[in-house]
Amino acid sequence: MSFEYAPAPESTAIVKIKPTYGLFINGVFVDGEKSFSTINPATEAHLADITEASAADVDRAVRAARVAFGSWSKMRGADRAKYLYRIARIIQERSRELAVLESMNNGKPIRESRDVDVPLVAAHFFHYAGWADKLDYAGLGANPEPLGVAGQIIPWNFPLLMLAWKIAPALAAGNTVVLKPAETTPLTALLFAEICQQADLPAGVVNIVTGAGETGRALVNHPDINKVAFTGSTEVGRYIAQAVAGTNKKVTLELGGKAANIVFDDAAIDQAIEGIVNGIFFNQGHVCCAGSRLLVQESIAETVLGLLYERMKNLRIGDPMDKNTDVGAINSAAQLAKIRELSDAGEAEGADRWSAPCTLPEKGFWFPPTVFTNVSQVHRIAREEVFGPVLSVLTFRTPDEAVEKANNSPYGLSAGIWTEKGSRILEMSSRLRAGVIWANTFNKFDATSPFGGYKESGYGREGGRQGLEPYLKAASK
Amino acid sequence: MGLTTQAPSQTFSDETRTNASLTKFLHGLPGVDQVGADERAAMLSTRSIKTSAKAEGIDLAISMIDLTTLEGMDTAGKIKTLCAKAMRPDPFDPTTPSVAAVCVYGDKVAQAKSYLTGSSIQVAAVATAFPSGRASRAVKLLDTSDAVAQGADEIDMVIDRGAFLEGRYMDVFEEIQAIKVACKSAHLKVIFETGELRTYDNVRRASWLAMIAGADFIKTSTGKVSPAATLPVTLVMLQAIRDFHNAGQRKIGMKPAGGIRTAKDALRYLVLVKETLGDAWLTPDLFRLGASSVLNDLLMQRKRLQTGAYSGPDYVTVD
């Protein structure tokens, strides 16, 4: 008797994708001049035509947000909270629709969009809804004031979740926003715009302008925004920091990472293996805080790698809509090219490459879960962010060496520590220069917990009480 | 499904010389992080088993059941109906597989054997002062020998949880060894009563203790203590079985028992086995489900897959 999982596809019938989408400005969808196609990265099928916002469109959106700021910022916090709670509840009610659309446009497995992304999105709106009338306790003294209009630019790896991280605290604090979703993943942001309409959110409080780099540039450089919030690559982050220098715009940047996931010889091995897998293959490794550098103590390296390879053979790669899929599609052809380029460089530089045996679909963008061993600190795959399902394995002999290697990176977003010894967790976490440190777990996110990086991983924190600070200033009178 | 008893290829003689050396060995096993183990089991329970996979899984699960009655009120009549059900779970559909074994108290073994004549169904007997295990070693050995003499093919023994929790691992080890000898050719399943051991670290230690002492199967629970079998406890035991096999040792079987009531529960256990030990363990020789009520739900789900309609509890037999 055999027992092979039959295909278990989530139905896409719940999602109604329109042929074309306009820009969401001042509470309504408006047409623009140019448009571009958005696709499903798992099949390369065209999903919809999306409007590319021009500088003039961005200006209209900022002006709408400026007008809306007048009344939104003066509204009682408890009343702003009502809107945010309403949005959170609608997100829960429409969770399946959001999850399906997210997986279609992003390529991530439905299990993740259903069990991780969308529940966290709702949690962020609930959390910040609760803050809206308690801003006196945000850490800036009594009667803190909102900044004004926030220009927000988000990446394609967690399209809806990054939108929630940006919009929920901004609105709770009394700001209005103009948000630009990533070029390849605009659809859930546009569905969120419909949810804003459904929630009767006042016009202009949330504006969504779709487009690519030029649209983002127009937003960042617009003279009438007070705040830039960006999540994405360090390269673009650098440009933004330069662009806002000399203006009075506040800025938060959440950029790249090259996290060390450190496994000590006294770790709970089976759970560490799960943590390694979840650390790098969750969301195809398209995670800024991914545990892309495994630092394993030499004495157990062989055991850990043996178990890791066995475990990786069980990963199910393929159709993101199948409820049993563990690893979905790479988000775009460009990203796939970058992953391939860095992986080839890893091999050329002398590291050993191993990929989980799997059959990849013919259409779409795919990369097998891959491990590099015999990696040195000098290799590009040990230093540069791959942003894909590629793990570099390094070893260490002592805790000091682990700290030294972990910190030897221009990034400092996250780190993981695996040990059964509590005192070692505390000691290591005080020495690791990373904004988020997980102990005996990895890639855990919570609306109440601040998130952000050191060094080239950016500045500012999102989530929790700390996540309000970038959207508030102390009372001016 | 003939079970073959394998001898340990390595005797672990150094580890089992004294209680101190055995303690050192068991406490030197990697720890189990409870949160992580629970999470992994929860993730695997989201696997969606549909259509052909469901049909295969249901038949596989039926063929792995140790159909059990362990009540003070057990009578010859009860054993007879249980055996009839074990051989032909669905009297209307001869394609339904029979179960792996019936599991009874020692004094009911002869009756069960006679009712199962001509079938390949095994008779398992609980022994060693089941379920508490609170009796002298002599009584436990006699309990075992008696069941074996009556024809039991399999013995389900309980460990002395008191001794285990006191750190007297050597006593537990020697008792399992002694019972194994008393089993002769009968297969030995060792029950930990994981609901009393409580921690996953203890479950992993008990698993190794039983495996190096000669267990053929390791089993979660008696069914008399709550919690009985859970997915994470089973996962921890399956991982111990995998590690034992990776260390060059023989294949140990696994039996979660108690609390498995629905077809969905049963399929979740199969998923756990498949993704921890692989397809090689998906056989009644190496995996059993200790349960009784789950059979009827499996039969109803089986019928529903065939006909598209849910027949209801009046269309499966009550035993």
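The values are calculated or read from the model by the stated rules, or taken from the named source; none is laboratory data. Keep in mind that this is a model prediction, so the values were computed, not measured. Reconstructed Cβ throughout: ideal geometry from the backbone, glycine too, with neighbour counts over all protein chains shown.
Summary table below
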| read-out | value |
| --- | --- |
| The listed residue being within 14 Å of chain A (Cβ to nearest Cβ) and assigned to a loop (DSSP other than H, G, I, E, B), out of B:G248, B:G259 | B:G248 |
| Count - residues of the stretch B:91-108 that are β-branched (V, I, T), more than 14 Å from chain A (Cβ to nearest Cβ) and surrounded by fewer than 22 Cβ atoms within 10 Å (Cβ to Cβ) | 0 |
| Of the criteria (1) under 30 Å from A:R316 (Cα atoms); (2) among the polar types (S, T, N, Q); (3) crowded, with 24+ Cβ neighbours inside 10 Å, which one A:T51 fails | (1) |
| Only listed residue being more than 19 Å from A:Y5 (Cα to Cα) and more than 16 Å from the chain's Cα centre (by Cα), chosen from B:L295, B:L299 | B:L299 |
| Where B:L277 falls short, out of the listed (1) buried (at least 19 other Cβ atoms within 10 Å of the Cβ); (2) among the aliphatic types (A, V, I, L, M); (3) in contact (Cβ under 8 Å) with a residue 60 or more places away in the chain; (4) more than 27 Å from B:L70 (Cα to Cα) | (3) |
| Subset of the stretch B:39-63 [in a helix (DSSP H, G or I), at the interface with chain A (Cβ under 8 Å from one of its Cβ atoms) and not polar (S, T, N, Q)] | B:E39, B:R40, B:A53, B:K54, B:E56, B:G57, B:D59, B:L60 |
| Residue check for A:S292: in contact (Cβ under 8 Å) with a residue 40 or more places away in the chain and farther than 23 Å from A:A415 by Cβ | no |
| Hits in the stretch B:37-90 - residues which are surrounded by fewer than 23 Cβ atoms within 10 Å (Cβ to Cβ) and within 16 Å of B:R304 (Cα to Cα) | B:K50, B:T51, B:S52, B:A53, B:K54, B:A55, B:E56, B:D59, B:D90 |
| Criterion violated by A:G279 - all others in (1) away from chain B (no Cβ under 14 Å); (2) under 18 Å from the mean Cα position of the chain (by Cα); (3) at pLDDT 95 or above satisfied | (1) |
| Number of the exception - A:V327 against (1) over 29 Å from A:L432 (Cβ atoms); (2) in contact (Cβ under 8 Å) with a residue 60 or more places away in the chain | (1) |
| Meets criteria (assigned to a helix (DSSP H, G or I), touching a Phe, Trp or Tyr at 6+ places or on another chain (Cβ under 9 Å) and closer than 26 Å to A:N26 by Cβ) for A:A88 | yes |
| Qualifying residue in the stretch A:103-115 (condition: surrounded by fewer than 24 Cβ atoms within 10 Å (Cβ to Cβ) and either more than 14 Å from chain B (Cβ to nearest Cβ) or among the β-branched types (V, I, T) (or both)) | no |
| The stretch A:1-42: number of residues that are out of contact with any strand residue (DSSP E or B) (no Cβ under 7 Å at 6 or more places or on another chain), loosely packed, with under 13 Cβ neighbours inside 10 Å and not aliphatic (A, V, I, L, M) | 5 |
| Extreme residue, nearest to A:I25 (Cα to Cα), among residues of the stretch A:136-164 that are of a type outside the set (G, A, S) and part of a helix (DSSP H, G or I) | A:L163 |
| Residue that is farthest from the chain's Cα centre (by Cα) [pool: residues in the stretch B:275-292 that are closer than 18 Å to B:L82 by Cβ and away from every other protein chain (no Cβ under 11 Å)] | B:S292 |
| Matching residues in the stretch B:120-137 - criterion: being part of a loop (DSSP other than H, G, I, E, B), touching a strand residue (DSSP E or B) at 6+ places or on another chain (Cβ under 7 Å) and either touching a residue at least 60 places away in the same chain (Cβ under 8 Å) or on the phi > 0 side of the Ramachandran plot (or both) | B:T128, B:F130, B:P131, B:G133 |
| Matching strands (runs of 3 or more DSSP E) fully within the stretch A:1-47 where at least 3 residues are among the small types (G, A, S) and more than 14 Å from chain B (Cβ to nearest Cβ) | none |
| Any hit, the stretch A:418-434, residues being over 30 Å from B:P30 (Cβ atoms), among the basic types (K, R) and either more than 14 Å from chain B (Cβ to nearest Cβ) or in contact with a helix residue (DSSP H, G or I) (Cβ under 6 Å, 6 or more places away or on another chain) (or both) | no |
| A:V393 being out of contact with any strand residue (DSSP E or B) (no Cβ under 7 Å at 6 or more places or on another chain), surrounded by 16 or more Cβ atoms within 10 Å (Cβ to Cβ) and closer than 30 Å to A:L336 by Cα | no |
| Any hit, the stretch B:161-178, residues being buried (at least 19 other Cβ atoms within 10 Å of the Cβ) and not in a helix (DSSP H, G or I) | no |
| Identity of the residue in the stretch B:24-38, within 21 Å of A:D115 (Cα to Cα) and touching a residue at least 60 places away in the same chain (Cβ under 8 Å), that ends up nearest to the other protein chains (Cβ to nearest Cβ) | B:A37 |
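For every residue, the table says whether it meets (1) polar (S, T, N, Q); (2) away from chain B (no Cβ under 11 Å).
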site: A:A243; (1), (2): no, yes
site: A:G256; (1), (2): no, yes
site: A:N261; (1), (2): yes, yes
site: A:D265; (1), (2): no, no
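Residues checked against (1) within 9 Å of chain B (Cβ to nearest Cβ); (2) part of a strand (DSSP E or B):
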{"position": "A:V296", "(1), (2)": "no, yes"}
{"position": "A:S299", "(1), (2)": "no, no"}
{"position": "A:L305", "(1), (2)": "no, no"}
{"position": "A:E310", "(1), (2)": "yes, no"}
{"position": "A:L315", "(1), (2)": "no, no"}
{"position": "A:D319", "(1), (2)": "no, no"}
{"position": "A:N324", "(1), (2)": "yes, no"}
{"position": "A:A329", "(1), (2)": "no, no"}
